[in-house]
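Read the figures in this text as sums done on the coordinates, not as results from a lab. Owing to the predicted nature of the structure, the values given are computational and were not obtained by experimental measurement. Note that each Cβ is placed from the backbone with ideal geometry, even for glycine, and that neighbours are counted across all protein chains shown.
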There are 2 protein chains.
Amino acid sequence: MLVGSIEAGGTKFVCAIGDEDYRIQDFTQFPTTTPEETIQMAIDYFKKFDIKALSIASFGPIELRKNSSKYGYITSTPKPNWHDTDFLGEMKKSFNIPIFWTTDVNGSAYGEYVMSTLANEKINSLTYYTIGTGVGAGAISDGKFIGDLGHPEMGHTFLRRHPDDLAFKGICPYHEDCLEGLVAGPTFDARLGKKGKDVPLSDHTWDIMAYYVAQAAIQATLILRPDKIVFGGGVVSESFLVKVRQQFKELLNDYVEVPNLEKYIQMPVVKNNGSATLGNFALAIEELQK
Amino acid sequence: MLVGSIEAGGTKFVCAIGDEDYRIQDFTQFPTTTPEETIQMAIDYFKKFDIKALSIASFGPIELRKNSSKYGYITSTPKPNWHDTDFLGEMKKSFNIPIFWTTDVNGSAYGEYVMSTLANEKINSLTYYTIGTGVGAGAISDGKFIGDLGHPEMGHTFLRRHPDDLAFKGICPYHEDCLEGLVAGPTFDARLGKKGKDVPLSDHTWDIMAYYVAQAAIQATLILRPDKIVFGGGVVSESFLVKVRQQFKELLNDYVEVPNLEKYIQMPVVKNNGSATLGNFALAIEELQK
């Protein structure tokens with residue numbers, strides 16, 4: 001039995017075919033150009049296989065309230081041509097199968113959740129942050145996605161400023177110094193005039209970043225009480241997370257009990273950015289079983 | 001059919017008997033002294049009625065992980081004599097009926113949720129903050145309590161400081177200037193040397209408080225995406241919430257869609273501090289139906 005996965009990013013689409021054990025059977029990727037062209041490429045790809053269900057994890061913002069007339073749309077995205085695109089509707093015209101629809105970060109969160117449970121970690125809930133060009137997040141509680149009014153946007157909460165960073169204004173066009181405005185990849189350019197990959201971990205900027213990311217982990221901890229918090233995205237490395245865990249411990253000050261921090265705050269378990277594809281396979285299979 | 005409710009506060013116990021329509025049939029309250037004395041008073045009270053189920057909404061911290069050997073305990077509370085008290089176990093010795101166990105704030109959150117649905121508000125999720133001596137919170141997503149590792153403690157997240165409040169250190173013994181450390185009732189004493197009730201709403205301190213409480217509402221909004229946020233507790237008044245809504249609007253800057261703010265950010269719907277009792281009735285009835 002085969003199912004399909006689309007990880008629809010603003011830069012590229014990753015399409016994959018999986019079996020009931022979540023193993024990848026086929027795989028392709030292509031750049032995100034116009035909706036007409038790119039969605040058609042996805043349709044042509046999946047037409048080659050006998051898939052029984054499909055899951056789409058899309059860049060956004062997207063509409064995921066089922067009672068909305070825009071359910072299945074990419075809505076107010078700044079990406080040229082993609083504003084108000086009925087992505088799910090186009091796929092449904094070509095495939096008369098169950099199709100699950102969620103955000104890219106929710107897809108990744110679900111993949112990490114499924115992989116953790118497959119690895120016999122006893123978890124029911126997980127929070128996933130991706131820190132790259134922006135900061136996105138997804139949350140699973142009791143095996144289900146959180147968010148009735150829409151998907152979480154926890155990359156935009158406000159934080160206590162680091163005393164050595166007060167002069168930095170932040171780069172979020174909506175909120176200036178929210179989490180995204182303080183730790184997204186482009187903040188390196190804004191603070192130091194160079195790319196994050198060119199800034200050694202010994203640079204104090206990384207401590208400041210860790211102070212903010214730790215506060216995000218504290219928000220997730222105290223508000224969602226998840227079993228695990230995963231940080232992915234281009235800004236995150238294991239050595240950066242070492243700093244995050246230290247700051248987290250200091251800031252939380254043992255106020256609530258959390259698991260061993262090496263297990264609690266982690267990089268993605270699924271390798272090669274495959275979390276969303278794995279999550280999609282699982283979500284497609286669940287959609288089929290509904 | 002009758003069910004029982006205990007709202008166990010650090011100062012007093014409120015016990016009530018309700019019917020299947022959540023109407024109060026009987027009611028009593030008594031001061032919280034020692035566990036032996038106070039729990040026995042609750043037992044004696046409920047023995048007078050033929051209750052089929054009971055729900056306890058307790059001060060804490062409490063253990064609510066069912067797989068813990070301390071499930072049903074009040075755990076590390078600073079309240080004299082109550083440390084490590086097997087509250088649920090004592091009740092179970094006297095009543096061989098289904099007993100639901102949760103936090104005081106979860107009880108209130110659930111009461112507000114039930115009352116809102118009874119009033120035909122179409123909500124699936126709700127976040128409840130109480131701002132009094134401390135700041136507590138409970139959250140319901142898709143009709144269920146959030147929190148696998150324990151109950152939410154979202155009163156202790158960090159915030160962007162108000163520019164006119166930088167000299168104030170905050171009063172939280174764990175985190176200094178977390179939400180509770182900045183807006184709990186005793187911060188009035190710490191900032192101004194007088195009680196909040198003696199500080200007129202025209203005092204700038206209330207604007208500063210609103211700035212922080214609005215950030216809490218933004219955290220709830222962006223992380224939980226609830227249908228409604230309720231603020232209760234002694235510090236909160238409708239005129240204070242007017243300020244909170246203004247700050248919320250400015251800080252969120254229309255980043256995500258939320259309902260009309262008068263409906264979205266509200267005082268408790270249940271009057272006379274009755275949210276927890278109503279929530280308990282509903283939880284007891286659900287426990288019976290399991």
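For segment A:218-290, just say rounded, prolate or oblate: build the C-alpha gyration tensor, square-root its eigenvalues into a ≥ b ≥ c, call rounded for a/c under 1.5, and beyond that prolate if a/b exceeds b/c, oblate if not.
Judged from the Cα gyration tensor, segment A:218-290 comes out oblate (a/c at least 1.5, b/c at or above a/b).
Between copies, the label points at B:A190 (set 7 angstrom from Cα along Cα-to-Cβ) are spaced 3.0 nm, reported in nanometres from shortest to longest. Here chain B carries DSSP beta bridges of which approximately 60% are antiparallel, counting only pairs with both residues inside. Label-to-label distances across copies for A:D19, with labels 7 Å out along Cα→Cβ, in nm, shortest first? Result, one decimal in nm: 6.2. Inter-chain neighbour count for A:15-23: the average number of beta-carbon atoms from partner chains within 10 Å of each residue's beta-carbon is 0.
Hey, which of these cross-link pairs are over 18 Å Cα-Cα: A:K66/A:K92; A:K122/B:K66; A:K79/A:K195; B:K243/B:K263; A:K66/B:K249? Where the Cα-Cα span goes over 18 Å, the pairs concerned are A:K79/A:K195; A:K66/B:K249. Taking amide H as placed 1.01 Å from N in the peptide plane, B:F100 has its amide H under 5 Å from the amide H of B:L54, B:S55, B:I56, each at least 5 places away in sequence or on another chain. Using the Karplus relation 6.51 cos²θ - 1.76 cosθ + 1.60 with θ = phi - 60°, the per-residue 3J(HN,Hα) values for segment B:58-68 come to 10, 5, x, x, 10, 9, 10, 7, 5, 8, 8 Hz, with x marking Gly and Pro.
Net charge dipole, the protein assembly as shown: roughly 20 debye, given to the nearest 20, about the Cα centre with Cβ charges of +1 for Lys and Arg and -1 for Asp and Glu. Taking amide H positions as modeled 1.01 Å from N, with prolines and chain starts lacking one, the residues under 5 Å from B:L159 and 5 or more places away or on another chain are A:R160.
For segment A:161-170, putting each phi into the Karplus relation 6.51 cos²θ - 1.76 cosθ + 1.60 with θ = phi - 60° gives couplings of 6, 6, x, 8, 10, 5, 7, 7, 7, x Hz, in residue order, rounded to whole numbers and with x for Gly and Pro.
Give me a single rounded figure for A:101-109: the average over its residues of other chain Cβ atoms within 10 Å of their Cβ.
Values: counts 0, 0, 0, 0, 0, 0, 0, 0, 0.
Going residue by residue through A:101-109 and averaging, the value is 0.
Legend: mean number of C-beta atoms from other chains within 10 angstrom of residue C-beta atoms, peptide A:154-165, equals 5. In nm, to one decimal, how far is the modelled label at A:E257 from the one at B:D189, with both set 7 Å along Cα→Cβ? Using points 7 Å along Cα→Cβ, the separation is 3.1 nm. Calculated mean residue ellipticity at 222 nm for chain B: -11000 deg cm²/dmol, from DSSP H runs with n ≥ 4 weighted as -39500 (n - 2.57), summed, divided by the residue count and rounded to 500.
Once the Cβ-Cβ distance between B:K79 and A:K197 is put in as r, and R0 is 51 Å, what FRET efficiency do you end up with, to the nearest 0.05? Computed FRET efficiency for B:K79 and A:K197 comes out at 0.45. Between copies, how far apart are the A:S237 label points? List them in nm, one decimal, shortest first, with each point 7 Å from Cα toward Cβ, please? Listed shortest first, these distances are 5.5 nm.
Between A:G232 and A:Y129, A:T130, A:I131, the built amide H atoms are under 5 Å apart, and every one of these is 5 or more places off in sequence or on another chain.
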